[in-house]
Amino acid sequence: MATDFTQQGFSRSPQQRATVTSAIPSQIPSRRSYPRRQRLPSLNGVALAQGLGWFSIALGAAALIAPGGVSQLTGIGGDRRSVVRGVGIRELASGVGILTQRNPAPWLWSRAAGDVLDLALLTSGLRPGNPGRGRAAAAVAAVAGVLAVDALAAAHLTKHAGHPLVSGVAAPTDLYFETSIATAKSPEECYRFWRNIENLPRFMESLESVRALDERRFHWVAKGPAAAVREWDCEITEDRPGAALAWRTLNGAQVPNAGSVIFEPVGPGRGTIVRLSIHYSPVGGRLTAALAKLLRQDPQSQVREDLRRFKQLLETGEIATTRGQPTGRRSLIGRAARRWRLTSSN
Amino acid sequence: MKANVWYGKEHMRVEEVPDPRILNPRDAIIRITSTAICGSDLHIYGGYIPGMLAGDIVGHEFMGEVVEVGQGVRNLKVGDRVVNPFPIACGNCFFCQQSQFSLCENSNPNAWMAEKMWGHSPAGLFGYSHLLGGYAGGQAQYARIPFADVGPVKVPDGLSDEQVLFLSDVFPTGYMAAEQCQIQPGDTVAVWGCGPVGLFAIKSAQLLGAGRVIAIDRFPERLRKAGEWSAEVLNYEQVDVPEALQEMTGGRGPDACIDAVGMEGHSHGVFGAYDRVKQSLMLESDRPPALREALKVCRNGGTVSIPGVYGGFLDKVPFGSIVNRALTIKSGQTHVQRYLAPLLKLIEQGAIDPSFIVTHRLPLEQAPEGYRMFRDKEDSCIKVVLKPWADPPTLNSRQSSGEVEPQSEAKPHLH
Ligand SMILES: NC(=O)c1ccc[n+]([C@@H]2O[C@H](COP(=O)([O-])OP(=O)(O)OC[C@H]3O[C@@H](n4cnc5c(N)ncnc54)[C@H](O)[C@@H]3O)[C@@H](O)[C@H]2O)c1
Ligand SMILES: [Zn+2]
Ligand SMILES: [Zn+2]
């Protein structure tokens with residue numbers, strides 16, 4: 001069951017602060033402390049779909065590489081090679097579709113339809129006198145089981161197709177993290193500064209600009225390290241003045257993400273804890289994400305630095321920097337450190 | 001401009017670099033008239049401070065004349081003569097609001113590095129590694145001062161550079177070290193290390209009402225200075241320090257102990273060799289012989305104040321003494337901004353003359369030589385003041401008895 005994370009953040013009242021983990025879907029074991037980076041727990045449908053995708057690919061490959069073996073094994077007889085090859089191509093197509101498309105539901109339905117065709121083919125092997133009759137019976141049973149799983153996954157994902165976790169945001173590689181920072185300013189001041197969208201590019205380093213499309217929707221343009229400029233639209237899903245904001249990208253975003261920021265009062269005159277939660281799909285999958293983390297180019301490190309800059313701007317009116325100051329001659333290491341922004345100085 | 005640039009362990013060079021410019025609204029640029037080498041700079045020189053990059057401009061004790069201010073700086077104007085504190089502090093954050101300036105949350109652009117090393121990040125410092133911001137330092141002709149509306153203090157023309165320069169660091173550092181001891185009238189305070197920090201701690205302890213100050217070092221000229229500031233002295237090469245301190249206090253131990261030595265403590269014998277080997281194998285980041293002694297001899301319930309800088313992991317530190325004898329430990333980089341006004345007042349009143357510690361004046365060009373001399377305590381060196389605008393040939397010839405620079409206030413002290 002997919003969880004509506006835009007609600008999650010807000011379900012956390014100040015009284016519940018002590019049990020902050022309760023706001024995280026209960027399936028997450030609370031063995032790690034903040035910031036947490038977890039696979040979304042509620043996406044069984046998506047994970048299942050991914051498994052089925054790989055199953056399709058394996059099956060399709062087998063059917064293409066060894067059609068004879070496959071027809072032998074399933075007891076449908078050795079003269080059906082071309083039919084088996086056709087099945088192989090279809091399986092490959094659904095597998096690729098399930099694994100690469102943001103919304104795998106239609107491809108799961110196509111798998112289910114394929115299962116029905118396969119059943120028809122296999123039942124022909126049940127004809128009396130077929131020497132492979134026993135194997136055919138076993139294959140029918142297996143495919144019927146697979147059909148049930150396919151239908152279940154397809155139905156689940158169809159049901160939640162409109163939900164951001166499924167369409168657009170929750171690819172199987174989705175990541176989630178929370179990060180926070182304490183500021184000396186009041187929740188109202190923090191909220192006002194954040195809600196003034198023009199301020200965002202001042203502290204979000206990878207952001208080029210944000211433009212309002214209407215009251216709730218905004219057009220974002222990112223700088224992006226890969227030189228390719230990325231743009232997307234984003235809508236505010238919840239807006240609680242002086243307390244919180246939540247947003248998600250609209251369909252079509254290249255890096256779908258959704259998030260919320262909560263401005264939590266610490267106590268009278270004690271400022272605010274700004275809590276940010278982000279769900280996102282890393283570009284290029286998990287390996288790239290791990291590499292990016294090593295170079296501190298991952299969203300979590302970047303967002304953490306963004307929060308620091310937010311605090312600096314709000315409290316001091318400027319962002320501490322050394323870029324542009326004089327230095328002696330830098331070695332290769334020094335230049336690399338600067339290139340990868342491991343140090344802020346030049 | 002000319003600046004002293006770090007290129008590696010024991011490798012510094014004075015060279016031409018670009019002039020600094022205003023980068024943020026609250027910046028100011030000052031033309032530096034005097035700058036000093038600090039015991040903390042020796043840790044950089046020795047290669048003990050992590051996060052240095054070849055090409056870093058060093059130095060954090062400096063003063064000069066304001067030549068440019070950003071539009072956010074209202075309290076300074078071009079021409080003001082100022083001394084600059086070594087920690088960079090915003091004045092707005094949680095810590096600054098409590099006057100804990102060296103813990104400013106907003107001045108270290110590389111806070112994440114310090115967090116990896118120490119758990120949380122302190123303030124950015126001038127010329128003190130990328131861990132602490134990577135800010136260009138003040139052993140140069142000019143420096144950019146971030147948050148210039150909070151840090152620099154204006155100083156009256158009647159006082160010479162050398163009387164006020166040490167407000168930038170070592171005077172407040174010695175003062176804070178003594179203040180942290182919560183000295184009660186008549187207390188006995190023992191101070192390890194009679195370098196600039198130790199000497200100012202000695203003087204401050206007296207100003208704060210100590211009855212007896214005992215100074216520990218091994219260099220006669222430093223002990224002599226301590227004596228001139230009316231401390232009793234112990235040469236740790238001639239006496240067993242813990243034993244002597246026990247003896248002097250009737251077996252109870254000093255009420256407060258100050259470690260003004262830091263991570264490059266020197267000692268003979270087994271522990272000394274042990275620390276050197278471990279430090280060079282990088283199994284231990286700091287050599288703490290003075291701290292070990294202080295923790296051992298401090299009286300029950302007393303305070304051990306540690307201005308000496310330690311960077312990482314210490315070995316064979318008798319933590320059991322702290323717990324079982326209820327010691328109070330105080331430390332920190334100095335919250336210099338907090339002390340500027342009151343200490344300037346003490347100088348103006350003549351209660352203390354900080355120029356007392358200066359032994360060497362050199363042109364900036366000779367900074368590398370100054371470092372070596374100060375590190376080796378050669379030529380009775382206690383404090384080196386560098387003159388960024390001095391004419392190199394004049395001072396190079398150490399025979400000259402002329403002025404350091406035309407408007408210079410003090411005669412160069414030449415040996
Ligand atoms: N906390 C701060 O903000 C702050 C500021 C400035 C300096 N410091 C630190 O203070 C320390 C001293 O600085 P300094 O400028 O006076 O340096 P310094 O090198 O001139 O003085 C150190 C003195 O300690 C003596 N010493 C070494 N081993 C000893 C031992 N076992 N027992 C007794 N004395 C011993 C040396 O002989 C030397 O005289 C350094 O660690 C420096 O980094 C801290
Ligand atoms: Zn210093
Ligand atoms: Zn601050």
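The values are calculated or read from the model by the stated rules, or taken from the named source; none is laboratory data. Note that the coordinates shown come from a computational prediction; the quantities given were computed from them, not determined experimentally. All Cβ positions, even for glycine, are placed from backbone atoms using ideal geometry, and neighbour counts span all protein chains on display. Protein only, heavy atoms only, side chains kept; ligands, DNA and RNA dropped before computing areas. Shrake-Rupley method; radii C 1.70, N 1.55, O 1.52, S 1.80 Å.
Computed quantities for the displayed model
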{"read-out": "The one condition in (1) surrounded by fewer than 15 Cβ atoms within 10 Å (Cβ to Cβ); (2) within 15 Å of B:K296 (Cα to Cα); (3) among the hydrophobic types (A, V, I, L, M, F, W, C) that B:F271 fails to fulfil", "value": "(1)"}
{"read-out": "Subset tally (residues that are touching a residue at least 60 places away in the same chain (Cβ under 8 Å) and either part of a loop (DSSP other than H, G, I, E, B) or aromatic (F, W, Y) (or both)) for region B:231-264", "value": "7"}
{"read-out": "For B:L327: the one exception among (1) away from ligand 1 (no atom under 16 Å from the Cβ); (2) away from chain A (no Cβ under 14 Å); (3) out of contact with any Gly (no Cβ under 7 Å at 6 or more places or on another chain)", "value": "(3)"}
{"read-out": "Residues of region B:73-99 satisfying the condition of being touching a Pro at 6+ places or on another chain (Cβ under 8 Å), more than 10 Å from chain A (Cβ to nearest Cβ) and of a type in the set (V, I, T)", "value": "B:V73, B:V82, B:V83"}
{"read-out": "B:L53 vs. criteria within 9 Å of chain A (Cβ to nearest Cβ), in contact with a helix residue (DSSP H, G or I) (Cβ under 9 Å, 6 or more places away or on another chain) and either in contact (Cβ under 8 Å) with a residue 40 or more places away in the chain or surrounded by 19 or more Cβ atoms within 10 Å (Cβ to Cβ) (or both)", "value": "yes"}
{"read-out": "Qualifying residues in region B:56-72 (those that are open to solvent by 10 Å² or more (accessible area, probe 1.4 Å) and more than 10 Å from chain A (Cβ to nearest Cβ)) - the one nearest to B:L165 (Cα to Cα)", "value": "B:E65"}
{"read-out": "Residues satisfying the stated conditions in region B:20-38, i.e. within 7 Å of chain A (Cβ to nearest Cβ) and closer than 24 Å to B:D161 by Cβ", "value": "B:P20"}
{"read-out": "Residue within region B:179-194 that is within 13 Å of ligand 1 (Cβ to nearest atom) and surrounded by fewer than 23 Cβ atoms within 10 Å (Cβ to Cβ) present", "value": "yes"}
{"read-out": "Pairs, first at the interface with chain B (Cβ under 7 Å from one of its Cβ atoms) in region A:322-337, second crowded, with 18+ Cβ neighbours inside 10 Å and modelled with pLDDT under 95, C-beta under 6 Å, six or more apart", "value": "A:T322/A:S344; A:T322/A:S345; A:A337/A:T343"}
{"read-out": "Flag for A:E208 being open to solvent by 40 Å² or more (accessible area, probe 1.4 Å), in a strand (DSSP E or B) and within 19 Å of A:L307 (Cα to Cα)", "value": "yes"}
{"read-out": "A:E264, sole failed condition from (1) charged (D, E, K, R); (2) in a strand (DSSP E or B); (3) more than 30 Å from the chain's Cα centre (by Cα)", "value": "(3)"}
{"read-out": "Top-ranked residue of region A:150-162 - restricted to ones that are buried (at least 18 other Cβ atoms within 10 Å of the Cβ) and assigned to a helix (DSSP H, G or I), ranked as modelled with the highest pLDDT", "value": "A:D150"}
{"read-out": "Hits in region B:198-215 (condition: farther than 17 Å from B:T303 by Cβ and open to solvent by less than 30 Å² (accessible area, probe 1.4 Å))", "value": "B:L199, B:F200, B:A215"}
{"read-out": "Strands (runs of 3 or more DSSP E) wholly inside region B:20-92 that include at least 3 residues being under 30 Å from B:G193 (Cβ atoms) and among the polar types (S, T, N, Q)", "value": "B:28-37"}
{"read-out": "Region A:302-313: number of residues that are closer than 18 Å to A:E188 by Cβ and either at the interface with another protein chain (Cβ under 9 Å from one of its Cβ atoms) or without any contact (Cβ under 8 Å) to a residue 12 or more places away in the chain (or both)", "value": "1"}
{"read-out": "Enumerated helices (runs of 4 or more DSSP H) restricted to region B:147-221, each holding at least 1 residues that are closer than 20 Å to B:L76 by Cα and either within 16 Å of ligand 3 (Cβ to nearest atom) or assigned by TED's automatic domain parsing to the domain that holds B:V304 (or both)", "value": "none"}
{"read-out": "Filter result for B:G253 (within 14 Å of ligand 1 (Cβ to nearest atom), buried (at least 16 other Cβ atoms within 10 Å of the Cβ) and not assigned by TED's automatic domain parsing to the domain that holds B:A351)", "value": "no"}
{"read-out": "Residue in region B:111-122 that is under 27 Å from B:A36 (Cα atoms) and within 15 Å of ligand 1 (Cβ to nearest atom) present", "value": "yes"}
{"read-out": "Residue under evaluation A:N257, criteria (1) away from ligand 3 (no atom under 16 Å from the Cβ); (2) closer than 14 Å to A:W194 by Cβ; (3) crowded, with 20+ Cβ neighbours inside 10 Å, criterion not met", "value": "(2)"}
{"read-out": "Qualifying residues in region B:100-118 (those that are open to solvent by 40 Å² or more (accessible area, probe 1.4 Å) and part of a loop (DSSP other than H, G, I, E, B)) - the one farthest from the other protein chains (Cβ to nearest Cβ)", "value": "B:Q100"}
